[in-house]
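Novice: One structure, pasted below without further comment.
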Amino acid sequence: MSKSPVVAPQIDEKVAIYANNLNFVYNPKSPFEKHALKDISLSINKGEFVAIVGHTGSGKTTFVQHLNALVRHQSGDLFVAGLNLADKKLDLKKLRGSVGMVFQYPEYQLFADTVLEDVAFGPRNFGVAREDAYKLAKNALETVGLDFEQIKSKSPFDLSGGEKRRVALAGVLAMKPQILVLDEPTAGLDPQGKREILSLVKSINKQNDITVVMVSHDMNEVYENADRVIVFRDGGVVYDLPPRQLFKLEDQIVSMNLEIPQMAQFTNALEKQGIVLPDDCITVDQIFDALCQLKGGSNV
């Protein structure tokens with residue numbers, strides 16, 4: 001008896017990432033078997049900025065490593081940038097050109113003699129002519145706020161920590177990805193460096209319409225930057241909400257060993273006093289402006 005052909009689901013063209021009943025098991029049928037992903041179902045639209053959070057071992061890293069096939073698909077549906085990752089003939093080169101991965105401490109991946117050669121390496125490796133690769137590198141370096149003429153001939157190892165982080169990001173952007181995956185992008189940076197990198201990533205997301213998926217343990221960063229937050233626990237998705245809505249669930253969040261962002265604590269406390277601010281009031285400035293408007297129009 002012949003098997004029925006597997007029919008791929010119809011994916012809306014606005015969707016950048018689609019998973020349905022995605023499962024993954026490490027070391028299957030062995031004493032070390034671990035069910036890392038359990039029936040993951042979610043979708044992320046093009047141009048969204050989505051944060052993925054969860055304690056160690058929750059499955060978040062395994063999931064994002066699926067997105068450019070660092071971890072290969074086992075079962076369930078997974079479509080990324082229009083490609084079916086269940087396809088045995090999957091074009092890995094095309095996938096990895098569409099999904100840019102920025103790992104934790106990406107500056108450790110810098111290796112070339114000059115910044116220009118380092119940033120141009122990705123396009124060159126994908127067959128882009130040298131001069132065209134240099135143009136892509138120039139555009140990428142300018143996108144991350146670096147002076148091309150000033151920095152192109154420097155050794156990446158002579159740069160400051162923040163500059164190295166920007167060069168590493170430029171190396172990914174030079175590939176012109178549709179999706180940018182960031183694993184703890186501010187790890188090891190001082191507060192000013194963190195603000196600069198996140199502002200840069202948010203600008204790239206909005207101005208270049210690049211889908212951003214950020215893994216982070218810093219709930220303050222998540223709260224202030226993400227459009228949505230997907231919470232993983234024990235291999236499954238337990239919440240998928242806008243940040244303001246998610247962090248109103250204080251007891252549930254704390255029970256998962258996650259912190260409540262400072263501004264969320266503040267607005268939650270205001271709500272308990274009957275002062276309800278719009279859900280898009282996230283930052284200090286936004287909250288201050290909303291409170292001033294309330295004060296001007298009421299007896300608050």
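Novice: Give 94/164; 14/94; 60/138 a once-over and call out the pairs whose C-alpha atoms are over 30 Å from each other.
Specialist: On the way: 94/164 27 Å; 14/94 19 Å; 60/138 33 Å.
The pairs that break the limit, which is 30 Å between Cα atoms, are 60/138.
Novice: Toward the positive end of the charge dipole of segment 12-139, about the Cα centre and with charges on Cβ (Lys, Arg +1; Asp, Glu -1), which of 106, 55, 41 goes farthest?
Specialist: Of the options given, the answer is 41.
Novice: OK, next. Going Cα to Cα from residue 272, which lysines come in below 21 Å? Please leave out same-chain ones fewer than 8 positions away.
Specialist: 248, 295
Novice: Can you give the charge dipole size of the chain about its Cα centre, rounded to the nearest 20 debye, using +1 on the beta carbon of Lys and Arg and -1 on the beta carbon of Asp and Glu?
Specialist: For the chain, the charge dipole is close to 940 debye.
Novice: Turning to a different aspect of this structure: Sort segment 261-300 into rounded, prolate or oblate with this rule: let a ≥ b ≥ c be the square roots of the eigenvalues of the Cα gyration tensor; rounded if a/c is under 1.5, and if a/c is not under 1.5, prolate when a/b is larger than b/c, oblate otherwise.
Specialist: It is oblate, given that a/c is not under 1.5 and a/b is not larger than b/c.
Novice: Same structure, new question: Need one number: % antiparallel among DSSP beta bridges in the chain, to the nearest 5.
Specialist: In the chain, DSSP labels about 55 percent of beta bridges as antiparallel.
Novice: Arrange 271, 224 by Cβ neighbour counts within 10 Å, fewest through most, would you?
Specialist: Result, fewest neighbours first: 271, 224.
Novice: Straight distance only, please: which lysines reach the Cα of residue 29 with their own Cα at less than 19 Å, same-chain residues fewer than 8 apart left out?
Specialist: 38
Novice: At 7 Å along Cα-to-Cβ for each site, give me the label-to-label distance between residue 39 and residue 273 in nm.
Specialist: Here the answer is 4.4 nm between the modelled labels.
Novice: Among 208, 232, 260, pick out the residue whose Cα is farthest towards the positive end of the charge dipole of segment 151-300, where Lys and Arg carry +1 and Asp and Glu carry -1 on C-beta, about the Cα centre.
Specialist: The residue sitting most towards the positive pole is 208.
Novice: Now for a different question. Among 220, 157, 282, which residue has its Cα positioned farthest towards the positive end of the charge dipole of the chain, with +1 placed on the Cβ of Lys and Arg, -1 on the Cβ of Asp and Glu, and the dipole taken about the Cα centre?
Specialist: In the chain, that residue is 157.
Novice: Once phi is turned into ³J(HN,Hα) by the Karplus curve 6.51 cos²θ - 1.76 cosθ + 1.60 with θ = phi - 60°, what whole-Hz value does each residue of segment 227-239 show in order, with x for glycine and proline?
Specialist: Residue by residue, segment 227-239 yields 6, 9, 10, 10, 9, 9, 8, 6, x, x, 8, 9, 9 Hz.
Novice: How big is the charge dipole of segment 1-143 about its Cα centre, in debye rounded to the nearest 20, if each Lys and Arg gets +1 on its Cβ and each Asp and Glu gets -1 on its Cβ? Present the calculation step by step, with values, prior to reporting the outcome.
Specialist: Numbers: 17 positive and 15 negative charges, 108 e Å.
Here segment 1-143 has a charge dipole of around 520 debye.
Where a number appears in this text, it was derived from the coordinates with a stated rule and is not lab data. If you're wondering where the values come from, they're calculated on a predicted model, not measured in any experiment. Positions of Cβ are backbone-derived with ideal geometry, glycine not excepted, and every protein chain shown enters the neighbour counts.
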